[in-house]
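The values are calculated or read from the model by the stated rules, or taken from the named source; none is laboratory data. Please read all numbers here as calculations on a predicted model, not as lab measurements. Note that we place each Cβ from the backbone using ideal geometry, even for glycine, and neighbour counts take in every protein chain shown.
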Amino acid sequence: MANLKVKIHDVDFKNPVTVASGTFGFGEEMVDFVDVNQLGGIFVKGLTLENREGNPYPRMAETPSGMLNAVGLQNKGVDYFINHIYPNIKDYDTHIIANVNGSTIEDYIEVTEKINELDKIPAIELNISCPNVKQGGMLFGISCPSAIAVTEAIRKVYSKTLIVKLSPNVTDIAEMAKAVEGAGADSISLINTLLGMAINSETRKPVLSTITGGLSGPAIKPVALRMVWQVYNAVKIPVIGIGGIMNASDAIEFFLAGASAIQVGTANFIDPQISVKIIEGIEEYLNRHNISSINELIGALQT
């Protein structure tokens, strides 16, 4: 049997397949549909300092080969998560990773300090790249100086593995990756959604209440692959690939491009069991090609 174990900084994953923040709830919502203990990890729904109601409806729209969302980080706040959700998920046999958000650096710091106290959360994903929130995240994620500032601030208060999630809505993704690596990131996850919009031609109005939103799904996979490859060749820290991964073949492409692990996102809405099916497909691929370890695939693209 092929070895599927990977390491992201100090965290050992049983396999490289995780689920993306915002597409799998906190894990407890999915236990009736899939064995979450088979996953490499769960990147939980985005957390903010205070309760957020999110954006007005409609805030999701189907598009060709993808979907738009403008949920707006709806959640009940980090304290609610700590008191009411964390106790229910902390003993899952998979890594629980918190997705940290904020409108200011001080918000990011306060959320991170609270998460840092939780023994069963070995890493955070610092979301500086959310395209459907009007303040905060998106702004930090599209400027090197601001990305550096928030990453350095979190590095000072967070002692565990720090994963920084990058926005694709930038001119030079490699430059941004090198900036957060220099600021103390232990790993980089990319890409977040691309900024897009949809229009109802009959009403002549935007489909989303926010006009624009984040595009995800198969439509963004070529962009995500390109950016993962560019970042892998620009930094020395592990890369986690995200963007339009719908099956094991898609996942293999991301490993070849340089990803040490992947996150499955939009596909969870279509098939809640897809992540486990992808794990099985990766194992079958490795066995079929007589590859003993997934690590032999990482960055093995022949150019």
Being more than 19 Å from Ile240 (Cβ to Cβ), aliphatic (A, V, I, L, M) and either buried (at least 24 other Cβ atoms within 10 Å of the Cβ) or out of contact with any Cys (no Cβ under 6 Å at 6 or more places or on another chain) (or both) narrows Leu166, Leu194, Leu162, Leu208 down to just Leu208
Contact list, first residue from segment 145-172 and assigned to a helix (DSSP H, G or I), second anywhere and among the small types (Gly, Ala, Ser) and surrounded by 18 or more Cβ atoms within 10 Å (Cβ to Cβ), beta-carbon distance below 7 Å, six or more apart or interchain, is Ala147/Gly141; Ala147/Ala179; Ile148/Ala179; Ile148/Ala183; Thr151/Ala183; Thr151/Ala185; Glu152/Ala183; Arg155/Ala183
Of the residues in segment 257-303 that are loosely packed, with under 15 Cβ neighbours inside 10 Å and aliphatic (A, V, I, L, M), the one that is nearest to Leu225 (Cα to Cα) is Ala300
So, Asp91, is that one touching a residue at least 12 places away in the same chain (Cβ under 8 Å) and within 24 Å of Leu39 (Cα to Cα) or not? yes
Reported set for segment 90-119 where residues are within 12 Å of Gly41 (Cα to Cα) and touching a strand residue (DSSP E or B) at 6+ places or on another chain (Cβ under 6 Å) is Thr94, His95, Ile96, Ile97, Ala98
Exactly one of Ile85, Ile96 is at pLDDT 95 or above, closer than 26 Å to Leu194 by Cα and of a type in the set (Val, Ile, Thr), and that one is Ile96
Being closer than 17 Å to Ser21 by Cα and in contact with a strand residue (DSSP E or B) (Cβ under 6 Å, 6 or more places away or on another chain) narrows Val207, Val180, Val228, Val164 down to just Val164
Scanning segment 150-159 residue by residue, those crowded, with 17+ Cβ neighbours inside 10 Å and over 23 Å from Ile42 (Cα atoms) turn out to be Val150, Ala153
(1) modelled with pLDDT of 95 or more; (2) closer than 22 Å to Val239 by Cβ; (3) surrounded by 20 or more Cβ atoms within 10 Å (Cβ to Cβ) all hold for Ile115 apart from (2)
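The rows are residues; the columns are (1) of a type in the set (A, V, I, L, M, F, W, C); (2) closer than 20 Å to Ile270 by Cβ; (3) modelled with pLDDT under 95.
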position: Asn15; (1), (2), (3): no, no, no
position: Ala20; (1), (2), (3): yes, yes, no
position: Thr23; (1), (2), (3): no, yes, no
position: Val31; (1), (2), (3): yes, yes, no
position: Asn37; (1), (2), (3): no, no, no
position: Lys45; (1), (2), (3): no, yes, no
position: Tyr57; (1), (2), (3): no, no, no
position: Met60; (1), (2), (3): yes, yes, no
position: Asn75; (1), (2), (3): no, no, no
Pairs returned, first residue in segment 225-244 that is within 16 Å of Ala300 (Cβ to Cβ), second residue that is part of a helix (DSSP H, G or I) and hydroxyl-bearing (Ser, Thr, Tyr), beta-carbon separation under 6 angstrom, 6 or more apart or interchain, are Val239/Tyr232
